[in-house]
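Chemist: This is the structure I have questions about; it appears just below.
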Amino acid sequence: MFEGAAPRGFDAAWDATSARQSIAERVVVGGWPAHHRRSVAAAARANESYLALIRRHDISRATGQQLSPDVAEKVMRSLARGVATQMGESAVARDAHGAEPGRTLLADEKGPDATSRTAVAAHLDALRRLRIIEDQPAWGASMRSARRLQATPKRHFVDPSLAAAALGAGVERLTSDVLTLGLLFESLAIRDLRVYAQPLRGRVAHYRDDRKLEVDAVIELPDGRWGAFEIKLGTTQRVVDGAAATLRRMASLVDDNRCAFLAVLTNGGIATRRDDGVDVVPLTMLAP
């Protein structure tokens, strides 16, 4: 896409009537090579067992402290609920602790299940070291307007199957919960974009400004060229038109001429270039 070729083709495996279930299965199984020889249920159990091992042993080993597996479970579940969002440490602490919105948790809060900001920070550090989570940084574009860019990263597990396992969410539940499935689909797409960007030495960031204009993914190469993606679980004209308008608006605010492409990344259907220059590409048709 950085070379300017217009996308062409059709995701032959895509079926609009079963697309949501197919995405849910991909999310639950994950990208682990060994899981592709397992049933969806077996892959889900393996992911849950892996997270249990992390909670009971690896986090304490990574931090050098004897941390509570129960607190670790709450933190990971909270991160899973906030996957693909800019969830701060204080929000993770409140959610994991079961505190009402707006309540401030003190750094020295005590108790067997206390989830203070200090505890959250320790768990996040351990999970990063263990390569269980990988934040998506904010993009530092040069703006031609007075808009300020937000610097908070987005939260992601290294594979969305771990987020699904932390939530205890199977295919049936995700298929019926479009909001959660949409966030996990975005996380799945970010995982794939990171893989495809690696050979190009590209960095996958996100864009959000102080007026809440946001774009899901921006890939920036070392030479300064960049391309932006809006990630959508849906292929209707209304969804694609809205995503394309967001991309064009963001590009108009960036003070450079190094934009290589703007693209709406969908869960299936036809790959094409719209009359406004925005590409529409099914995730399965991305090429490294």
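Chemist: Out of the residues in segment 140-160 meeting the condition of being of a type in the set (A, V, I, L, M, F, W, C), farther than 16 Å from G30 by Cα and touching a residue at least 24 places away in the same chain (Cβ under 8 Å), tell me which one is surrounded by the most Cβ atoms within 10 Å (Cβ to Cβ).
Modeler: Selected residue: A141.
Chemist: Quick check on segment 173-183. Is at least one of its residues outside any helix (DSSP H, G or I) and under 30 Å from A42 (Cα atoms)?
Modeler: Yes, that holds for at least one residue.
Chemist: Turning to a different aspect of this structure: Look at V264 and say whether it is at negative phi, of a type in the set (V, I, T) and in contact with an Asp or Glu (Cβ under 7 Å, 6 or more places away or on another chain).
Modeler: So V264 passes the test.
Chemist: Here's another thing I want to ask about it. Which residues, counting only those in segment 144-160, are within 10 Å of D209 (Cα to Cα) and either outside any loop (DSSP other than H, G, I, E, B) or within 11 Å of the chain's Cα centre (by Cα) (or both)?
Modeler: Answer for segment 144-160, where residues must be within 10 Å of D209 (Cα to Cα) and either outside any loop (DSSP other than H, G, I, E, B) or within 11 Å of the chain's Cα centre (by Cα) (or both): just L149.
Chemist: When the residues of segment 161-172 are filtered to those that are closer than 9 Å to A24 by Cα and assigned to a helix (DSSP H, G or I), which remaining residue is farthest from the chain's Cα centre (by Cα)?
Modeler: E172
Chemist: Are any residues in segment 209-218 open to solvent by less than 50 Å² (accessible area, probe 1.4 Å) and more than 14 Å from the chain's Cα centre (by Cα), and if so, which ones?
Modeler: D209, L213
Chemist: OK, next. For segment 235-243, indicate whether the set of residues that are of a type in the set (G, A, S), at pLDDT below 95 and open to solvent by 10 Å² or more (accessible area, probe 1.4 Å) is non-empty.
Modeler: No, that holds for no residue.
Chemist: Quick check on G227: is it at pLDDT 95 or above and either in contact with a strand residue (DSSP E or B) (Cβ under 8 Å, 6 or more places away or on another chain) or not in a strand (DSSP E or B) (or both)?
Modeler: For G227, the condition - at pLDDT 95 or above and either in contact with a strand residue (DSSP E or B) (Cβ under 8 Å, 6 or more places away or on another chain) or not in a strand (DSSP E or B) (or both) - is met.
Chemist: Examine segment 256-267 for a residue that is of a type in the set (S, T, N, Q), over 18 Å from R144 (Cα atoms), over 21 Å from the mean Cα position of the chain (by Cα) and not in a helix (DSSP H, G or I), and state whether such a residue exists.
Modeler: no
Chemist: Just to be sure before I move on: is P199 open to solvent by 50 Å² or more (accessible area, probe 1.4 Å), part of a helix (DSSP H, G or I) and either in contact (Cβ under 8 Å) with a residue 12 or more places away in the chain or acidic (D, E) (or both) in the structure I sent?
Modeler: yes
Chemist: Taking A119 as the residue in question, decide whether it is outside any loop (DSSP other than H, G, I, E, B), within 17 Å of Q65 (Cβ to Cβ) and modelled with pLDDT under 85.
Modeler: Spelling it out, A119 is indeed outside any loop (DSSP other than H, G, I, E, B), within 17 Å of Q65 (Cβ to Cβ) and modelled with pLDDT under 85.
Chemist: If you don't mind, there's one more thing I want to ask. Residues of segment 54-71 being at pLDDT 90 or above and open to solvent by less than 80 Å² (accessible area, probe 1.4 Å), which ones?
Modeler: I54, R55, D58, I59
Chemist: Can you tell me which of P101, P137 is touching a strand residue (DSSP E or B) at 6+ places or on another chain (Cβ under 8 Å) and either modelled with pLDDT under 70 or surrounded by fewer than 18 Cβ atoms within 10 Å (Cβ to Cβ) (or both)?
Modeler: One residue alone meets the criteria, P137.
Chemist: Six or more apart or on different chains, Cβ atoms under 7 Å: show the pairs whose first residue is in segment 7-33 and surrounded by 15 or more Cβ atoms within 10 Å (Cβ to Cβ) and at pLDDT below 75 and whose second is in a loop (DSSP other than H, G, I, E, B) and not aliphatic (A, V, I, L, M).
Modeler: D11/G268; D11/G269; W14/G268; W14/G269
Chemist: Also, quick follow-up: Of the conditions (1) at pLDDT 95 or above; (2) surrounded by fewer than 24 Cβ atoms within 10 Å (Cβ to Cβ), S176 clears all except one; give me its number.
Modeler: (1)
The values are calculated or read from the model by the stated rules, or taken from the named source; none is laboratory data. Note that the structure is predicted; figures quoted are calculated from it, not measured. In this analysis, Cβ positions are derived from the backbone assuming ideal geometry, glycine residues included, and neighbour counts consider all displayed protein chains. The accessibility values were calculated without ligands, DNA or RNA, using every heavy atom of the protein model including side chains. Shrake-Rupley method; radii C 1.70, N 1.55, O 1.52, S 1.80 Å.
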